[in-house]
Every structure is written in C-alpha cells, then in structure tokens.
1. When the range 211-237 is examined, which residues are found to be under 13 Å from the mean Cα position of the chain (by Cα) and either surrounded by 22 or more Cβ atoms within 10 Å (Cβ to Cβ) or more than 24 Å from residue 39 (Cα to Cα) (or both)?
2. Can residue 250 be described as under 22 Å from the mean Cα position of the chain (by Cα) and modelled with pLDDT of 85 or more?
3. Test residue 180 against the criterion of being at negative phi, at pLDDT below 90 and not in a helix (DSSP H, G or I), and give yes or no.
4. Would you pick out the residues in the range 223-237 that are farther than 17 Å from residue 75 by Cα and in contact with a helix residue (DSSP H, G or I) (Cβ under 7 Å, 6 or more places away or on another chain)?
5. Conditions: (1) touching a strand residue (DSSP E or B) at 6+ places or on another chain (Cβ under 8 Å); (2) in a helix (DSSP H, G or I). Residue 164 meets all but one. Number of the miss?
C-alpha cells in the first residue's frame with residue numbers, strides 16, 4: 001500500500017504539533033507539582049498577603065513582589081496602550097499602503113530585539129535621566145514601566161493593525177457618505193468595529209509585560225519592598241525567581257516554584273481574556 005506525500009506531511013506535522021502541546025503541558029504540570037504542595041502547606045493567604053521574604057528564616061511572603069509586578073504592568077500599559085493604538089490607527093488609516101508595508105514589518109522586527117538590549121538602554125540612558133530630573137536612585141518602578149511600555153509596542157501595533165485592517169471598507173464609506181470626516185469615521189466606526197481585536201492586543205501585551213524578566217532585573221532596582229512611589233526600587237515576581245533560583249534549596253526552592261505557579265495563573269487568565277475577546281470579534 002502506497003502512502004501519498006500529502007499524508008506523510010500531514011502525519012509529520014501532526015506529530016510535531018502534538019509534541020509541542022505535550023511539551024507545554026509537561027512544563028505546566030512540572031511547575032504545578034513543584035509549587036502547589038508548598039502553597040497548600042505554607043498557606044495560600046499567608047503566602048500571597050504577607051510582606052516578609054526571608055527564605056533563610058522560613059518567611060515566604062510575596063505580597064510586595066505581586067504589588068510591584070502589578071504596578072509596573074499598569075504603568076507599562078498606560079504608556080504602551082495609547083501609543084500602540086494611536087500608531088496602529090495612523091499606519092492603517094492615514095499612511096499610504098506602500099509606506100505601511102515597509103513600516104509594519106520593521107515594527108514587528110522590534111519584537112525580536114533581546115530584552116537585555118532594552119535593559120541596557122534603560123540602565124545607561126533612562127535611569128540617569130530619572131535620577132537627574134526626578135530624583136531617587138534612577139533604577140526604579142518608573143524606569144521598569146517605561147522600558148516595558150516600549151517593549152510591548154510591537155505587539156499592540158501589529159495585532160491592532162490587523163484588527164483595523166479587517167474592518168470592511170463599506171463601514172468607512174458609509175460613514176463618509178453620511179457626512180462624517182475621516183477622523184470621525186475612524187473614531188466612531190472603525191475603532192468600534194475593531195474594538196475586540198484591539199483589546200486582545202492590549203491583553204496579550206499585558207501578559208508579555210507581566211512575564212518579562214531580564215529588562216526588569218536590570219532597571220527595577222531589585223529591592224523587596226512595597227512601593228509607595230514610582231521612584232522607588234522594587235522587585236517583581238519574575239525577577240525574584242531569576243535572581244534566587246540558582247542558589248535556592250529546600251523550602252526556598254519550593255517557594256520560588258510556588259511563585260512561578262502564581263505567575264503562571266496570572267498569565268493564563270490574561271491569555272484566556274485575550275482569546276475570549278478574539279472569539280467575540282469572530283462571532284460578530
């Protein structure tokens with residue numbers, strides 16, 4: 001019995017896809033098996049709400065790192081979301097297609113720049129600017145938020161451009177025929193029609209900001225404290241895992257895996273929200 005080339009290719013790609021999914025499931029299972037027992041033994045509320053992180057004394061409270069991660073992510077979204085959506089609208093509606101076909105791939109290439117490069121720019125340029133003009137040590141919550149806000153721009157712009165481009169031209173033509181200006185047509189018709197895709201891009205960018213490690217380690221200052229000012233040094237969940245995992249043993253190591261479980265759950269929630277927004281878009 002002869003097997004066609006199409007069937008061979010189908011089975012090969014099926015095997016590759018299944019192996020990729022199995023790898024992700026195994027990683028998730030490993031993190032859960034390593035971290036959940038510690039959370040249940042130490043106490044979920046105590047682990048998530050206390051502020052003392054002293055592994056050598058048996059204190060494992062991650063509340064300051066959770067708060068720092070949320071504040072940095074919120075700051076990154078305040079910077080990245082408006083700039084990203086505005087850039088997507090400009091590229092989609094006000095730039096000639098020949099120019100947009102050049103600029104859009106260039107912006108997408110920015111997503112491939114290693115995060116350590118952004119971190120190095122933050123240390124050498126942004127932190128001294130903050131220290132000189134605003135005060136504080138420079139390496140701070142504000143510096144991390146600005147760097148992450150720049151890093152998520154390619155994600156927001158790329159997905160938002162695709163969402164705006166999927167809006168039928170009939171919507172624009174109908175608004176213009178009713179007497180709307182071009183900006184009114186974009187603001188009142190196009191953006192509303194592409195709203196689900198734009199929201200999905202922002203949520204995915206938020207997941208990227210929550211999970212970023214290297215750039216945050218370089219510019220956030222890495223001090224375990226609950227931030228009371230944007231100019232204070234802080235430490236995020238991802239930075240804590242990366243900094244301490246190499247020397248961690250026993251309960252300390254388990255606590256870091258438990259921190260990974262918390263981070264995993266947060267990112268899964270954000271991705272689920274993004275998929276729900278995309279399904280809502282597809283159902284319209």
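1. Answer for the range 211-237, where residues must be under 13 Å from the mean Cα position of the chain (by Cα) and either surrounded by 22 or more Cβ atoms within 10 Å (Cβ to Cβ) or more than 24 Å from residue 39 (Cα to Cα) (or both): 212, 215, 216.
2. no
3. It is true that residue 180 is at negative phi, at pLDDT below 90 and not in a helix (DSSP H, G or I).
4. Quick first cut of the range 223-237, residues farther than 17 Å from residue 75 by Cα only: 223-225.
Answer for the range 223-237, where residues must be farther than 17 Å from residue 75 by Cα and in contact with a helix residue (DSSP H, G or I) (Cβ under 7 Å, 6 or more places away or on another chain): 224, 225.
5. Of (1) touching a strand residue (DSSP E or B) at 6+ places or on another chain (Cβ under 8 Å); (2) in a helix (DSSP H, G or I), only one is false for residue 164: (1).
The values are calculated or read from the model by the stated rules, or taken from the named source; none is laboratory data. In this text the structure is predicted, and so the values were computed from the model without any measurement. Positions of Cβ are backbone-derived with ideal geometry, glycine not excepted, and every protein chain shown enters the neighbour counts.
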